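Only the coordinates and a few stated rules stand behind these numbers; no lab work does. What you see is a predicted model; the values in this text were computed from it and never measured. No Cβ is skipped: glycine too gets one built from the backbone with ideal geometry, and neighbour counts run over all protein chains shown.
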Amino acid sequence: MSGFIAAAADETVARAERELEALVAVSSPSGDRDGAEEAVAVAAALLPAQAATQRLPCSSPGHADDLLAVLEGTGERRLLLLGHLDTVVSHDRHRPLERAGERLEGSGAIDMKGGVVLALGVMRALAGVPEAFAQAALLLVCDEEWRRAAFAHAPRFAGWEACLCFEAGQCGEAGEEGVVVRRKAACTLRVEAEGVSAHSGSAPDRGRNALLALGAAAACVASRHAPHGPDRLTVVPTILRSGEAFNVVPDRGELYCDLRADDEQAFAVVLDAVPRRHDGVSLRAETIRVWPGMNSRRATAGALAGAGRRLGRPVAAMERGGASDASHLATAIPLTIDGLGPRGGGAHSPREYVLTESLRPRAEVALALTAELLGL
């Protein structure tokens, strides 16, 4: 292992727990401007002094501006590091970081403030070798967890040599450290129902029950679930809201479903399957969040092999069903690698955790890939 990788990993791991504690201490649910501003301020304070920062308008209206930090070098290559600061955990469920055995537990720890800590470590390492790059940038967005608008930043980085995204890491089948080179396309399907209200005791049959209609729509949509089919399509109803009183036929409501597939064209089949009416209730379906798939297996094979040689152990190319902003950047930067964060679990819950034992090997993987991509 090179001196660059070993020394930078030492420094990153020495600081990781304190930096993670500072970031997790900030409750930053997606869409909360004050929480995002505080998280951005913490991240900016942990950047190397050489990094110039600017705020970019967020893809989602009403959100705090995203953070872009750029190191200017004298080399030729341009490398983008990518992460997000928002979480799915609300303020009232937020938990600061606590050590529980070999776990560092706290809201947003694994998704993805732990990854942000490793990305900051890479930026500090790169600040000491400006001859290796023309530009090295870290983009931290504030809306990854619940973005409905189109991702705004990909065109800015078109033509850059590589992108490293720091979502949670994982292990391969043989226990080797793995990174993500393939992700499914993702879609959120919303169904809105409009029925007729009536008293559920004295005149129940005068109503048209939106809740029952949405239940039927959920069953219809779920019947398209085909994880072993040609597109590996998964369809999961996740949220149903209807009714405001226990003694009233609900006249309206909404259903949300999560869709994943290798090809986003498969989502149209599910959308078309939603009936327009059910038992007198009008149903209107729409896709409100469509993210592209990502398959950078071929483009990244050489970089993974080279990083493995630098480490003296293999780095496995893996796939994951969950969505990530890496998929958006992969449309502009074919050599995009995700899953460079620490390993852990419990994502999207207040008890998310980072495995402390994973911090060192994951930092080494990120630094080895950085060294390989920049020829260090």
### Summary
The simple spin-label model distance between Glu192 and Arg15, using points 7 Å out along Cα→Cβ, in nm, is 4.8
### Task
For Asp92 paired with Arg309, estimate the spin-label separation in nm (one decimal), with each label point 7 Å from Cα along the Cα-to-Cβ line.
5.7
### Task
Find the centroid of the Cα atoms in the range 312-356 and in the range 127-206, then give the distance between the two in whole Å.
11
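By per-residue mean of other Cβ atoms within 10 Å, what is the highest-first order of 339-350, 204-215?
Working: 339-350: 21.5, 204-215: 19.5.
Most protected by this proxy first, the peptides run 339-350, 204-215.
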### Whole-number D in µm²/s for the range 185-291 (Stokes-Einstein; Kirkwood sum over Cα pairs; 37 °C, 0.692 mPa s)
232
